[in-house]
Amino acid sequence: MHRGELITRRRLVAGWAAALAGAAAVRARDQAPSPGKPGSASGDLPVRLVRGVENTTVLDVSADSARVCLYHTRHPTQSFTWNGSWKENLPASTKEDALRVVERDSWASTYATSPPAQPNLGRFFADGGSLYVETLSIEPGGAVIGRLLIDLRTGQVQERQDHLRPGTGHFSYRALAGRELLGFGTGPDSGKTGVIVKAEAPDYREIQRVPFAETRSAALGKTEGPVTLSADRSTFVYTYDRNVVCRRTSDLGIIWSRETDPSLALWHAAISADAGLVAAYVCDYTAIGQARKRYVVILDGKDGSEITRVSADGLEALAVSPERQLLAVGQRVPIREGKAGTGKAGTQPTVFLFDIKSGRQVAELIQDQFYGGGKEYLTAGVDARFMLGGKFLITSGLNTRVWQIG
């Protein structure tokens, strides 16, 4: 499930709770939008909501955009309470939770299963016929990563569990072509990614390994962002410290590496379906909504040269349209005035669309709204994914929404 209000299970495992607790004390003060209606769109670009699926989040879209992997739950929020340490308030029951694969055109379900825990990640293999799913559960002895290989043709599921112990590293994988997986391994002490590997399913046998980064800088907190693959799974990009790196999946070789502004933190990157454009978000991040200087840099996918910059806050999500004309950025917009009668401030996860060439904002899509505060934080992020052809955009957070563009 995509998360985002302030804390995620993965970040808990990585040991970010202390930093997040500090950030939680600082509330966004610079923005005070009027609450809009979830599912509404505004702006110069014609965009309309064509479908909404409640209590679901998008895990992945197949390479040909024909299938969508969703996670449906009656408990779409995750609640954490801070009393000197983070405590997860687990839902009473997850019996009705389900991972589903639906057809893009009809949204008819073609596969459904109840995973052992909430999916932390799900990715289609290149042919769209199989899925790799990771779950993460917190148990008294530590965290447990569940790994599921699902054959959508036969319904066969191969499951493996890896127990995470203090002082040990772990791997997270992405599905490639055939039965190959792209893995990212964290170090036992730092919690930072140290290696990239290619492995074969279903035994996760390692067939290739390269360093994630040659050197790591202590500046700006050694940030790193999630990996994003091109639609055909041939190319992937990721960020660390002040570097954007583009690699081939065939041999894990570096196509190009580019250093961004040394005074700003670099967060995450997105790649267009054909790997022709790469977008990366940089800012002087201090807390949610507190960046004074921020922008998305647009890079040429062939050599990493800078093409332009778009003044946008892309901390939550980044996506480049298949025809390379639109940039989607996700943002948790704070609602300062609060919900009537509760006194609690709110968050309005919103996706903004920008014309890349002009840098102009052309649409604003309100994904969700939720209210909370005090010592309790509810996860409510926003993600955005373009479908091939560029006519549809899928956003998800607490719910899933499909927007028609143009």
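The values are calculated or read from the model by the stated rules, or taken from the named source; none is laboratory data. Model, not experiment: these values are computed from the prediction. Cβ coordinates were reconstructed from backbone atoms using ideal geometry, including for glycine residues, and neighbour counts include every protein chain displayed. For the accessible areas, the whole protein counts, side chains as well, though only heavy atoms, and no ligand, DNA or RNA atoms are used. Shrake-Rupley method; radii C 1.70, N 1.55, O 1.52, S 1.80 Å.
Residues that are at pLDDT below 95, under 22 Å from VAL133 (Cα atoms), open to solvent by less than 50 Å² (accessible area, probe 1.4 Å) and in contact with a helix residue (DSSP H, G or I) (Cβ under 6 Å, 6 or more places away or on another chain) are absent from the range 177-186 altogether.
Yes or no, residue by residue, for (1) open to solvent by less than 30 Å² (accessible area, probe 1.4 Å); (2) at pLDDT below 95; (3) in contact with a helix residue (DSSP H, G or I) (Cβ under 7 Å, 6 or more places away or on another chain):
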site	(1), (2), (3)
ARG216	no, yes, no
THR223	yes, yes, no
LEU229	no, no, no
ASP232	no, yes, no
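On the given criteria, is ARG10 at pLDDT below 50, within 28 Å of ASP127 (Cβ to Cβ) and not acidic (Asp, Glu)? For ARG10, the condition - at pLDDT below 50, within 28 Å of ASP127 (Cβ to Cβ) and not acidic (Asp, Glu) - is met. Could you tell me whether ASP274 is of a type in the set (Asp, Glu), under 22 Å from ASP383 (Cα atoms) and either assigned to a loop (DSSP other than H, G, I, E, B) or modelled with pLDDT of 90 or more (or both)? Spelling it out, ASP274 is indeed of a type in the set (Asp, Glu), under 22 Å from ASP383 (Cα atoms) and either assigned to a loop (DSSP other than H, G, I, E, B) or modelled with pLDDT of 90 or more (or both).
In the range 188-207, of all residues being surrounded by fewer than 15 Cβ atoms within 10 Å (Cβ to Cβ) and not charged (D, E, K, R), the one that is modelled with the lowest pLDDT corresponds to SER190. Determine, yes or no, whether ALA108 is out of contact with any helix residue (DSSP H, G or I) (no Cβ under 7 Å at 6 or more places or on another chain), loosely packed, with under 14 Cβ neighbours inside 10 Å and aliphatic (A, V, I, L, M). Yes.
Conditions (1) open to solvent by 10 Å² or more (accessible area, probe 1.4 Å); (2) modelled with pLDDT of 90 or more; (3) among the hydrophobic types (A, V, I, L, M, F, W, C); (4) in contact with a helix residue (DSSP H, G or I) (Cβ under 8 Å, 6 or more places away or on another chain), marked per residue:
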| site | (1), (2), (3), (4) |
| --- | --- |
| GLN325 | yes, yes, no, no |
| GLY338 | yes, no, no, no |
| LEU353 | no, yes, yes, no |
| LEU365 | no, yes, yes, no |
| GLY374 | yes, no, no, no |
| LEU393 | no, yes, yes, no |
| GLY397 | no, no, no, no |
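The residue that is farthest from VAL53 (Cα to Cα), among those in the range 111-121 that are surrounded by fewer than 19 Cβ atoms within 10 Å (Cβ to Cβ) and over 19 Å from the mean Cα position of the chain (by Cα), is PRO116. Please identify the pairs in which a residue from the range 196-214 that is closer than 15 Å to ARG248 by Cβ has its Cβ atom under 7 Å from the Cβ atom of a residue that is exposed (fewer than 12 other Cβ atoms within 10 Å of the Cβ) and of a type in the set (A, V, I, L, M, F, W, C), counting only partners at least 6 apart or on another chain. So the pair list comes out as LYS198/ILE207.
Only residues that are at pLDDT 95 or above and open to solvent by less than 40 Å² (accessible area, probe 1.4 Å) were counted across the range 148-171, and they come to 4.
Does ILE307 qualify as being open to solvent by 20 Å² or more (accessible area, probe 1.4 Å), at pLDDT 80 or above and of a type in the set (A, V, I, L, M, F, W, C)? Considered against the rule, which asks whether it is open to solvent by 20 Å² or more (accessible area, probe 1.4 Å), at pLDDT 80 or above and of a type in the set (A, V, I, L, M, F, W, C), ILE307 comes out as yes.
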